1. In a strand (DSSP E or B) and either more than 22 Å from A:Ser177 (Cβ to Cβ) or within 14 Å of chain B (Cβ to nearest Cβ) (or both) - does that describe any residue in the range A:71-84?
2. What number of residues within the range B:39-73 satisfy the criterion of being farther than 19 Å from B:Pro112 by Cα and either within 14 Å of chain A (Cβ to nearest Cβ) or in a loop (DSSP other than H, G, I, E, B) (or both)?
3. Pick out, from the range B:108-223, the strands (runs of 3 or more DSSP E) lying fully within it that include 2 or more residues that are outside the structural domain of B:Gly78 (by the TED database) and aromatic (Phe, Trp, Tyr).
4. In the range A:251-298, which strands (runs of 3 or more DSSP E) lie fully inside it and hold 3 or more residues that are surrounded by fewer than 21 Cβ atoms within 10 Å (Cβ to Cβ)?
5. So, A:Lys122, is that one among the charged types (D, E, K, R), modelled with pLDDT of 95 or more and assigned to a strand (DSSP E or B) or not?
6. Tell me the residue from A:Gln306, A:Gln332 that is open to solvent by less than 60 Å² (accessible area, probe 1.4 Å), at pLDDT below 95 and under 30 Å from A:Lys73 (Cα atoms), please.
7. When you scan the range B:11-38, how many residues do you find that are over 25 Å from B:Arg207 (Cα atoms), more than 9 Å from every other protein chain (Cβ to nearest Cβ) and surrounded by 19 or more Cβ atoms within 10 Å (Cβ to Cβ)?
8. Got at least one residue in the range B:230-250 being at the interface with chain A (Cβ under 8 Å from one of its Cβ atoms), within 24 Å of B:His13 (Cβ to Cβ) and not small (Gly, Ala, Ser)?
Amino acid sequence: MVKINDIDRTSTFAWSQDVIPLLATGTVAGAVDANFNSSSSLELWNIFSPTDKDEPVFSASVENRFYGLEWSKPFEGRPKGLLAGAFENGVVEFWDADILIKTKDLSKASVHKSTKHSGAVKTLQFNPNQNHILVTGGSKGEIFIWDTKTFSDPFTPGKAMTPMDEINSVAWNQSVSHIFASTSNGGYTSIWDLKSKREVLHLSYNGQLGRAEFSSVAWHPTQSTKLIVASENDNCPLILTYDLRNANEPEKILQGHKKGVLSLDWCKQDPELLISSGKDNSTILWNPITGEKLGEYPTTANWAFQTRFAPSSPDIFGTASFDGKIIIQSLQDTSPPVSTKVTANNDDEFWNKISTTDTQQPTFVKQQAPRWLKNPSSVSFGFGSKLVKITSDSSGKSVIDISQFVNNSNLQNSTDKLTK
Amino acid sequence: MVTIGNAHDDLIHDAVLDYYGKRLATASSDKTIKIFDIEGTQEYKLAETLVGHEGPVWQVAWAHPKFGSILATCSYDGKALIWKEQPETQQWSIIAEHKVHQASVNSVSWAPHELGAVLLCTSSDGKVSVVDFKEDGTTSHVIFDAHAIGVNSASWAPINTSGKDSQNERRFVTCGSDNLAKIWKFDSSSNTYVEEAKLEGHTDWVRDVCWSPSVLIRSYIATASQDRTVLIWSQDNTGKWQKQPLTSEKFPDVCWRASWSLSGNILAVSGGDNKISLWRENLQGKWESAGEVDQ
């Protein structure tokens, strides 16, 4: 499958929760194209469609540019979930995805628009367990919690302990729904508890390479005390895993990016898979539990500012970069290396071609199969009603049993009676 | 009867008896395949460890004995390998490598032997391939797109030897991460496989599919899914495939594998909770538990 599609947009994006997902894109703030075009659009793509994968299935212009876009899981009254956009002018807007897909009318699909934030809204995330709850973060240290069932006045998570200027990333805990983390350009990652209404813990890192400037945070898919943070400091381009039971030192330090890390996504279906992307234009696959780098995907021609697994089909992920592309590719690629064929008469053409990702392939340090391919049990029949069973325990030990299948005697009796 | 523990250094994903029930081949995440001699009703002996795959091995499939002692295996490394035991030396070696897929090869299955040595492979690259191993030692293959996101498994239709051109009898069912199963039939005019039916009913990845091997009774297809259900498919009077849930309530965990007994009347299902259950159809056409396994 390898590279599935390129979308020619400089946009932030969000996957739908479907097994064959749709992709929503919103023109990203903080970049202009060669024509200094300042327009912005919200679009939907059906990249797995055999017919119209190269054109958006929906496109509408919006007034401002996006810093973030999120697509909730379905919840009561929202059969395809809600789309939420975080805008550079402080607006947060919500659209009903089902209405948007059916009517292709942005104003009909718009369910709420708020100017609660007083400055740019930089980041947002829906709660994985309370699907209608959203957290947003932005400039001036503003963080708000939204209830998208009632759209009552959003509330703040409480008192901060650390100085915060701009919130650049937020992440809900995957198992405890009233806990979330935020990162800010003050150099802290903050842990918030909505029950006690305050910042309960904060992390900072100052190591040999310098002080981490946190850009992105994600929680362990199942273990509630573990999280991972990335630093966008070019001198200290690290990804750090922490167990909050001892927040003084990172558990693992993932070293491999050559410049600051901008985005990361911890796979929900396999805690041993994480993707990250950054200012060195690279997208890297890691095992965050062991701290090993597993492989590296073709580099983009400019900063790779966002990378995300498709939530229900994590074999697929997308990376958005400032070179005007969102690349959708598969996690695995076993095709043999092809020799780069760049045949061009003039030099300009040569260098143009070599800078594109088409000439590259991912390189894997280690072949680590994702958990969702590893069946823990199996069964097969053999000659003479022999049954072969495989079962395994939690430590990964498998046991094989070969036994003789015996007919259910009651049923056998009734069949015998019938045949008499 | 026979219990084999500590056979591999990592999870075992598949274990299949040969045609005579005398040898067992196993596939593991430790990248190896092992062959055990099963002696009597209690004893077993490790006969061989096959090393050659570069990733976890997902499945093994014995070819019909008329082709010799031949095993097909598939792996996360994107390959299917064909292994043969030389009758004189009893040494196993790789006799063919099938490397047309771009991602994990998730299943291998040999066609009914009447069709020749024909191997069906499914892959996470979304494609299905069918390889013909011809008598003159050459091979040819057909590869086509089957399920977006990935193909998880496949199963051949039993052969109906009622005098038709055998080439036209090539039919199989595949299942994938698009929540679907699809039935394919060989089309000689286009030299590829065309979709004959689409089995829609699951709400999550379809992990395994198994076509009941007997043509003597009604033909059934079982599909096992991530959505914790198993569906039984059979054709109505008009030839349309109709589904029936195996159980009224969902299984406690993901349904990973489904396997029919050789006579086709017992279905075994393995789940993510490590439970294996057996099912049969009662006289009212409902599916019910088919007793326990004698340990």
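The values are calculated or read from the model by the stated rules, or taken from the named source; none is laboratory data. Bear in mind that the values here come from a model prediction, so they are computed numbers and not experimental data. Counting neighbours? That spans all protein chains shown, and the Cβs are built from the backbone with ideal geometry, glycine included. Just the protein is used for accessible areas: all its heavy atoms, side chains included, with ligands, DNA and RNA removed. Shrake-Rupley method; radii C 1.70, N 1.55, O 1.52, S 1.80 Å.
1. no
2. So the answer is 15.
3. Correct list: B:180-187.
4. A:252-255, A:292-297
5. Yes, satisfied.
6. A:Gln332
7. Residues flagged as over 25 Å from B:Arg207 (Cα atoms), more than 9 Å from every other protein chain (Cβ to nearest Cβ) and surrounded by 19 or more Cβ atoms within 10 Å (Cβ to Cβ) within the range B:11-38 amount to 2.
8. no
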